[in-house]
Each structure stands twice: as C-alpha cells, then as structure tokens.
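One structure below.
The values are calculated or read from the model by the stated rules, or taken from the named source; none is laboratory data. These numbers were taken from a predicted model, which means no experiment stands behind them. Quick reminder, even Gly has a Cβ in these numbers, built from the backbone with ideal geometry, and neighbours come from all protein chains shown. Just so you know, the surface numbers come from the protein's heavy atoms only, side chains and all, with ligands and any DNA or RNA stripped out. Shrake-Rupley method; radii C 1.70, N 1.55, O 1.52, S 1.80 Å.
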Amino acid sequence: TADLASTEPSSRRTMATRGTFQFPSRPLPLIEIRGEDELVVNEETALLLSKIECPVCPVVVVGLYRTGKSTLLNMLRRELDDDTAAAEDDDDDEAGFEVGPSVERCTRGIWVWGRPLFAYENGGERPTKAALLLDTEGVGGLEADAQYDARIFALSCLVASSLVYNSLGSIDEHAISQLSFVARLSEHVTFFSSSSSRGGGGGGGDDDANRSDESEAETVSKLSEFMPSFTWVVRDFSLELASSDGEAITADEYLEAALRPQRGYDASALERNRLRHVIKAFFRSRACRTLVRPCVDETDLSFVDRLDDSKLRPRFLRELDEFRDHLFAPEKLQPKTLGLGKHAAPLRGPAYVELLHKFCDSFNSGGVPAVVGAWDHVSKIESDAALEEALDEFDNVLSAALQEEGPSSSSSSSSRGSRKTTTTTTKKKKKKPTR
C-alpha cells in the first residue's frame with residue numbers, strides 16, 4: 001500500500017518519473033494510420049514501451065474531434081510532472097500533445113506520452129505500476145466516416161485500462177447520441193474467435209446472421225468484463241449539480257440520472273433507450289467528473305494548457321486536482337490485464353506491445369479482433385519469456401554454486417544448451433510401448 005502519512009492527494013503521493021532518463025518527455029506516435037485505414041504500431045515507440053518491467057496502466061482519452069482531448073491530457077501530464085519531477089534536469093521538449101485552433105484534427109491514430117508516470121509504494125526504489133497517457137484521434141472529423149470512427153473507438157477500448165470520454169457542456173440527449181458508436185462495439189470486437197466459439201464451428205454466414213438475442217446478450221456481457229473503466233469528463237460545465245427536487249447530487253449521480261430509460265414507445269424513444277442500455281452494459285465501472293471553464297479570458301483558451309495557475313480559476317484547479325486523483329490514486333490506477341476475474345494477470349511493457357500488434361493485425365486483415373485469441377497469443381509469448389527467464393536464473397544459481405565448490409566440480413556443470421540437447425535427445429529415445 002502507498003504511504004498514507006502524506007496529506008497530498010494520493011496521485012501526487014505515488015506518481016513519479018525518477019529513473020526514467022531513457023524515456024523522452026514528448027508525445028510519440030504509438031499506432032499510426034497508413035493509407036486510408038491501415039493500423040500500424042510504431043516500432044520505435046514499441047521498443048521504448050517494451051522497457052517497462054512493471055504492469056502498465058494505459059489511460060486513454062477519447063471523444064469528438066476539436067473538443068480539447070489533447071489539451072486535457074497536457075494539463076494532466078503537466079500537473080503530474082510538476083508535482084513529482086520538477087527537480088529533474090531534462091533537455092527534452094515538453095511542449096505536450098499537439099493542439100490547434102483550426103477545425104481539422106490535430107491527432108491522427110493514437111499517441112502516447114513518452115515518459116511513463118511510475119507509481120512507487122512505501123518509498124520503494126522499484127516501480128509497481130506505470131501509467132501511460134494516450135491521446136486518440138477525435139471521432140466525427142470532416143474527413144472520416146462512421147466505420148472508421150467506430151474502429152478507432154473500438155481499438156481505444158481494447159488498449160485501455162481506463163477510458164476517459166471527453167465532451168463539452170452537459171450530458172443531454174445530444175451528448176448521449178454522440179456516443180452512438182458504443183452501440184457498434186460488438187461489430188468491431190468479439191470475445192471468442194469464430195473458430196473457438198460455441199460448438200467449435202467456423203462461424204460466419206447464416207450462423208452469424210441468425211445469432212439469437214440470448215447469444216448477443218452473452219457476447220456483450222463477456223465483452224463488458226474486458227472493457228476498461230469509463231469516466232465521462234464534462235468540460236466547461238456551468239450547471240448546478242442538483243436533482244429535480246433541488247437536492248445536491250454528485251457527478252456520478254448526474255451521469256446515472258442521464259442514463260436512465262426515457263419514457264415513450266415510439267421508434268426514437270426505443271433507440272434512445274437502447275443506446276443508454278448498451279453504454280451501461282459495456283461499461284459497468286463508470287464515473288463522471290465535471291470541470292468548469294478554466295479561465296475567463298476568451299483569448300487564453302487556445303493555449304490554456306500552458307497558462308500559469310494564477311490565470312486559471314480556483315474552482316477549475318480544484319476540480320482538475322480531484323479528477324487527476326480519480327485517475328491516478330493507487331486504488332484507481334488499474335493495470336491492463338490478461339484474463340478475467342481471479343485469473344487476470346497484469347501486463348508488463350513487452351506483453352502490452354504484443355497485444356497492440358495482435359489487435360492491429362486483426363483489424364488490418366479485415367477481421368474482428370477476438371479477445372480470447374489475443375489472450376492466447378500474448379500468453380504464449382509471456383510463457384516463453386518466463387521459461388527463458390527461469391532457465392537464465394537456473395544457470396546463474398548453478399554457476400554460483402559450482403564456483404563455490406571449486407574447479408573440481410566444473411566438469412559436472414552443463415550449459416543451458418547442453419541441457420536442451422539432453423532433453424531433446426531423451427525425448428527422441430523414448431521407448432515405444434510394448435504390445
């Protein structure tokens with residue numbers, strides 16, 4: 001557990017970037033878009049992430065284009081860096097994720113802040129978790145179509161352990177309708193591959209077209225166990241958090257009230273309620289946070305992430321601090337895992353990179369990423385790596401023991417290669433069973 005003696009918010013107590021000189025303090029392309037819609041993992045960035053030896057906790061910000069996702073990430077990243085690494089000497093450019101005043105998208109694909117934010121517990125020297133801050137391409141851009149947007153959102157859900165949906169104003173009917181691509185998640189992600197689904201059939205064709213409602217519900221239920229935690233952050237919020245009776249409510253209660261079924265039985269009402277049901281079904285762990293307009297001066301909004309705190313509204317700073325603590329507190333910082341329930345295992349950097357490759361390959365092949373298939377792929381790689389690590393440790397212990405016994409015992413030693421050769425030879429010389 002983290003050191004609770006400090007009075008600082010828990011995100012400030014645990015997050016640090018010390019000992020991370022090999023990680024650059026700048027945004028790096030993680031998943032790039034080549035051609036029209038090919039998803040490609042950037043190998044240089046993947047190599048950096050592979051150096052992370054502790055569980056990774058990807059925090060991914062999604063939302064409509066030109067709603068300030070990159071600005072929000074810059075403020076989160078800047079405040080955490082200021083709290084924990086202000087004393088570091090670093091020549092890297094810390095300009096942050098790209099933002100701009102035009103109507104075009106500033107972000108293409110998925111980008112990651114190059115320096116992870118490591119969590120240390122009880123003053124330890126080795127990090128226990130590494131938070132990754134990911135910025136995604138905004139959906140709904142002028143040059144994109146609904147199919148492309150749905151794929152970007154699906155990929156964001158697959159690579160995140162914490163998903164932040166960024167929007168402006170309030171949670172009204174229009175805001176909820178803009179989350180319509182959530183209803184298409186099951187079209188772009190499946191739990192089982194067709195070859196491993198019920199009955200072991202190949203799937204497709206009439207079998208897929210005639211899936212029962214019970215089967216669809218089961219698929220959504222399974223996928224919800226893999227979905228990240230969901231936080232809806234409402235920017236430039238100007239309403240009073242109060243119920244219809246005038247009682248004060250929390251932001252979480254505000255979200256739940258907005259997701260309640262609406263009255264009516266016409267087609268539009270049924271579709272509105274269907275979307276609300278899907279959002280709640282996919283994201284069982286959900287929360288809401290509100291942020292008031294950060295400053296009064298309109299001209300400062302285009303570069304608000306670079307403003308000094310003295311120019312920001314005190315209420316905004318308080319709410320930003322609470323939001324940051326909501327994401328990065330020890331009990332909130334959840335690693336990306338492999339498996340479900342008590343069998344879930346946190347992914348370290350190398351395994352997380354393999355998961356990215358697997359999901360991108362599935363999308364690029366024209367198929368639908370299968371969660372179980374990705375687990376099997378990464379599990380095999382992790383098992384092979386664990387075996388190699390165990391063999392290396394065995395060799396080190398054996399060598400140390402033989403050196404202590406002296407030169408006379410060296411003739412009895414054997415390298416890993418000889419052990420592998422012996423194992424292979426033994427397997428080949430197995431006797432055939434007698435009849």
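Among residues of region 320-347 being at pLDDT below 90 and assigned to a helix (DSSP H, G or I), the one that is nearest to PRO58 (Cα to Cα) is PHE328. Exactly one residue among GLY35, GLY123, GLY63, GLY109 is modelled with pLDDT of 80 or more, among the small types (Gly, Ala, Ser) and over 20 Å from the mean Cα position of the chain (by Cα), and that residue is GLY35. Of all residues in region 9-32, those that are open to solvent by 30 Å² or more (accessible area, probe 1.4 Å) and at pLDDT below 80 total 7.
So that you can scan it fast, the table gives a plain yes or no per residue for (1) touching a helix residue (DSSP H, G or I) at 6+ places or on another chain (Cβ under 6 Å); (2) of a type outside the set (Lys, Arg); (3) under 26 Å from PHE153 (Cβ atoms):
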residue: ALA267; (1), (2), (3): no, yes, yes
residue: ASN273; (1), (2), (3): no, yes, yes
residue: LYS280; (1), (2), (3): no, no, yes
residue: PHE283; (1), (2), (3): no, yes, yes
residue: CYS288; (1), (2), (3): yes, yes, yes
residue: ARG306; (1), (2), (3): no, no, no
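Return the only residue of LEU72, LEU47 being open to solvent by 30 Å² or more (accessible area, probe 1.4 Å), out of contact with any Ser or Thr (no Cβ under 6 Å at 6 or more places or on another chain) and modelled with pLDDT of 85 or more. It is LEU47. Is it the case, given these coordinates, that ALA175 is crowded, with 21+ Cβ neighbours inside 10 Å, at pLDDT 90 or above and out of contact with any helix residue (DSSP H, G or I) (no Cβ under 7 Å at 6 or more places or on another chain)? Judged against the criteria, ALA175 is not a match.
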